[in-house]
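Colleague: One structure is given below, represented as structure tokens, and several questions about it will come after.
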Amino acid sequence: MKKSFYPGLAFQSIKKNRKIYFPYILTCIGIVMMHNIVSTLSEDELLYVERGREFVKIIMNFGKWVIAVFAFIFLFYTYSFIIRRRKKEFGLYNILGMEKKNIARILFWETLITAVISLGAGILLSIVFYKAAELCMMNMLGGDLSYDFQIFPNAILNTVEVFGILFVILFLSSVGRVKFLNSISLLKSENVGEKPPKGNIIFAIIGLVLLGMSYYAAVTIDNPIQALNEFVIAVIIVIIATYLIMISGSVVFCRLLKKNKKYYYKSNHFVSVSSMAYRMKRNGAGLASICILATMVLVTVAMTSCLYFGNEDIVNVSYPREINVSVSTNSVDGLSDDIIEPIKKEISKTVKNEGAKTDNIYEFRCAFITGLTVGDTVEVDSERVNRTGISYSDLISFQFMNLSDYNRMMGSNETLKQDEALFFSDKSYDYDRISFRGGNTFKIKTKDSMFSSHMQGLDQVVSVGVIVVPNIKEAIVGLKDMKLSSGNSMMTYYWDYFFDTGLDEDAQIELSKNIEESISEYCTKNSLYSELIDFDEAASRASNRGDIFSLCAGLFSIGIALSVVFLFGAVLIIYYKQVSEGYEDQSRFDIMQKVGMTKKEIRKSINSQLLTVFFLPLIFAGCHLIFAFPFIQKMLICFKISNTPLLIFVTALSFVIFALFYVFVYKITSNSYYHIVSDAKNKE
């Protein structure tokens, strides 16, 4: 036998089955291209020459492996369909005397040809389009553009290794599928009758209950950390619920349509509903997969777009002024004027030496402790709090602040007695006093929710309670000695001193470095400061803008790349769902044509069938997105973004664009289905 026999037979098989192979190979090429572009971005040193760009490298390295995982899932699903469609062909080979090992050789050469075409074309296209991707990244990062052309061998090698392993796994799985079936089973694989599926109303109800629970959790969640902790669990529950509803519920739905005589006994509904009812179990799984992928696309695009376009909000919240000095102390004594004022003088001296000034000063001293409110009492003992089994939404970060600092910040002239306090919280509090177990009790003179937000912004992801007292040191007597299980104090002390200078960005960066050096030098010379002060940083907004922009740009790029991969998967599932059902329905529509059904009626029946089920995933994805919105909103708060109008806009725009794309795919795939069932090419 000629050496070229099996390669030639494999090539002819691919050519003969081009309707199912071409979309598969095209998708392989697209995913290889996306993976190699992201892998190359992780290797390109041009992106990382400035401070902050290392975030992009970390994100890109993570992204290429996420793409690889999803590539395996999508391609495994697709290749399984191809093998299932070709079982009859393999059965014929087996009856004609070809052994299973010879069929395995054909599969090997088919896989090899597909791999070579996919890797070759995908890597070539990635090299061609990489420069555009690099320029886009540099534009987002605000770097200098370079038009030098480079090839990155390590990135190409990584892509070849990843997809080489993937194609080997696909080949082994295809051999396994064929090996354990006899020739008769293979030959009759497409003619095996299907029993009418039983719509399990219990599973459908369970799915609805699970979905309702997830939706309820989403709309009632009120804490960002809780949202982060519960998001993965909620996603898993929604996926399970979606599959249960669409598999079991869709069968029940078809039965209800059949019982509706006015709807069912029409030429454009009769055939479509009958055929759907017999395969709805598998059909429902495909629809659920499309729905989940669509939701993933929408959530990914909405979150990463909001991060990228809202990055200036993150900068402004993280760094309220041009220069931001933060000092932590290990006791309340470190917040005294005797300690703080000399540091302020050092800062003023350094600022003056640079020819700048301190404007728009934002300064406060705080001692804070986290506790749980039970009525008008605050439980701060860590062991007791942990025993209550509370969630993050139940905790409040209580921040004690001197009245003098409050009056200076607000331009007010409030007065307080020794046992009085002003209380501001973003959480409702209905009592006239507040008592700390193990500490003091305060009568509340004034309470509202405004000042806590003014002072803390989004830096605090748990609820904030600001307690303004005449003197912090006297107010926290009893609390300052409380310890965590680790032995560390439960109280934390810090002083923030933020101000604007009017300098340009380069001068701001230089000034922040000089301030940091002068404070560190001053604290080192004075032994008292070395005992009390734990100097954090003197950060400039300008120097940290690059870090934040790089992080947001990297996440946005990976979000777009993953969305493209998810779209590949969704389109593949839609296309193969239509093709497989087209071949299954071909004989049914052929009989209907013989008894007088026209092409126009066939088209109406097809539209009825597709419209009945095809837009269910889009509707469900829209519902998932609406109820996921609070989750997305709270998680973005962890990134210090609270721009709700921006989030609403990008979310709505994402859905509209995706819906238009979905309609386009519907038109293309419905035409493929029509040509198969009506055999239009041969009869028209």
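Colleague: Check whether at least one residue in region 397-414 is crowded, with 19+ Cβ neighbours inside 10 Å, aliphatic (A, V, I, L, M) and at pLDDT below 85, and report yes or no.
Modeller: No.
Colleague: Give V299, V232, V192 a once-over and let me know the one that is assigned to a helix (DSSP H, G or I) and at pLDDT below 80.
Modeller: Result of the check over V299, V232, V192: V232.
Colleague: Residue check: is D534 within 37 Å of the chain's Cα centre (by Cα), surrounded by fewer than 20 Cβ atoms within 10 Å (Cβ to Cβ), in contact (Cβ under 8 Å) with a residue 12 or more places away in the chain and more than 18 Å from K344 (Cβ to Cβ)?
Modeller: In short, no.
Colleague: Looking at (1) modelled with pLDDT under 80; (2) in contact with a Phe, Trp or Tyr (Cβ under 7 Å, 6 or more places away or on another chain); (3) within 30 Å of C552 (Cα to Cα), which is the only condition Y666 fails?
Modeller: Only one criterion is unmet by Y666, namely (3).
Colleague: If I ask for residues that are of a type in the set (A, V, I, L, M, F, W, C) and outside any loop (DSSP other than H, G, I, E, B), which ones from region 406-445 would you list?
Modeller: Correct list: M409, M410, A421, L422, F423, F424, I434, F436, F442, I444.
Colleague: Considering only region 61-95, how many residues are basic (K, R) and under 17 Å from I573 (Cα atoms)?
Modeller: 2
Colleague: Which one is nearest to N402 (Cα to Cα) among residues in region 332-345 that are within 45 Å of the chain's Cα centre (by Cα) and buried (at least 16 other Cβ atoms within 10 Å of the Cβ)?
Modeller: Restricting to residues being within 45 Å of the chain's Cα centre (by Cα) and buried (at least 16 other Cβ atoms within 10 Å of the Cβ), the top hit is L335.
Colleague: May I ask you to verify whether D338 is assigned to a helix (DSSP H, G or I) and either in contact (Cβ under 8 Å) with a residue 60 or more places away in the chain or closer than 30 Å to N643 by Cβ (or both)?
Modeller: Criteria not met by D338.
Colleague: Looking at (1) farther than 30 Å from F556 by Cα; (2) at pLDDT 70 or above, can you tell me which one M280 breaks?
Modeller: Checking M280 against (1) farther than 30 Å from F556 by Cα; (2) at pLDDT 70 or above, the one that fails is (2).
Colleague: Among the candidates K131, K88, K101, single out the residue that is touching a residue at least 40 places away in the same chain (Cβ under 8 Å), basic (K, R) and in a helix (DSSP H, G or I).
Modeller: The match here is K88.
Colleague: Does region 317-327 hold any residues that are modelled with pLDDT of 85 or more and under 34 Å from the mean Cα position of the chain (by Cα), and which are they?
Modeller: The answer is Y319, P320, R321, E322, I323, N324, V325, S326.
Colleague: Moving on to the next point. Look at region 417-436 and say how many of its residues are under 12 Å from V380 (Cβ atoms) and surrounded by fewer than 17 Cβ atoms within 10 Å (Cβ to Cβ).
Modeller: Here the count works out to 1.
Listed here are the residues, each with its yes/no results for (1) over 35 Å from the mean Cα position of the chain (by Cα); (2) closer than 30 Å to V38 by Cβ; (3) assigned to a helix (DSSP H, G or I); (4) charged (D, E, K, R).
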| residue | (1), (2), (3), (4) |
| --- | --- |
| F498 | no, no, no, no |
| L503 | yes, no, no, no |
| N514 | yes, no, yes, no |
| S520 | yes, no, yes, no |
| L528 | yes, no, yes, no |
| N544 | no, yes, yes, no |
| A553 | no, yes, yes, no |
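Colleague: I would also like to ask the following. If the requirement is being under 18 Å from R541 (Cα atoms) and in contact with a Cys (Cβ under 8 Å, 6 or more places away or on another chain), which of these qualifies: I314, I347?
Modeller: I314
Colleague: Please name all residue pairs, on different chains or six or more residues apart, with Cβ atoms under 7 Å, provided the first residue is in region 6-35 and is assigned by TED's automatic domain parsing to the domain that holds N102 and over 28 Å from F129 (Cα atoms) and the second residue is crowded, with 19+ Cβ neighbours inside 10 Å and aliphatic (A, V, I, L, M).
Modeller: The qualifying pairs are Y6/I106; L9/I106; A10/I106; S13/I106.
Colleague: Turning to a different aspect of this structure: Does I467 count as at pLDDT 85 or above, under 26 Å from T370 (Cβ atoms) and buried (at least 19 other Cβ atoms within 10 Å of the Cβ)?
Modeller: Yes: the conditions hold for I467.
Colleague: Spot the failing condition for V351; the list is (1) in a helix (DSSP H, G or I); (2) more than 17 Å from D496 (Cα to Cα), and only one is missed.
Modeller: Going through the list (1) in a helix (DSSP H, G or I); (2) more than 17 Å from D496 (Cα to Cα), V351 breaks only (2).
Colleague: Only residues that are under 22 Å from E510 (Cα atoms) and in contact with a helix residue (DSSP H, G or I) (Cβ under 6 Å, 6 or more places away or on another chain): list them for region 315-342, please.
Modeller: If the condition is that a residue be under 22 Å from E510 (Cα atoms) and in contact with a helix residue (DSSP H, G or I) (Cβ under 6 Å, 6 or more places away or on another chain), then V315, Y319, E322, I323 are the ones that fit.
Colleague: Now for a different question. Among E99, E110, which is the only one that is under 18 Å from C28 (Cβ atoms) and either modelled with pLDDT of 80 or more or in the same structural domain as K15 (by TED's automatic domain parsing) (or both)?
Modeller: Matching residue, one of E99, E110: E110.
Colleague: In this structure, does I602 turn out to be touching a Gly at 6+ places or on another chain (Cβ under 7 Å) and either surrounded by 17 or more Cβ atoms within 10 Å (Cβ to Cβ) or modelled with pLDDT of 85 or more (or both)?
Modeller: Taking the combined requirement at face value, the residue does not satisfy it.
The values are calculated or read from the model by the stated rules, or taken from the named source; none is laboratory data. Note that the structure is predicted; figures quoted are calculated from it, not measured. When we count neighbours, we look across all protein chains shown, and the Cβ atoms used for this are built from the backbone with ideal geometry, even at glycine.
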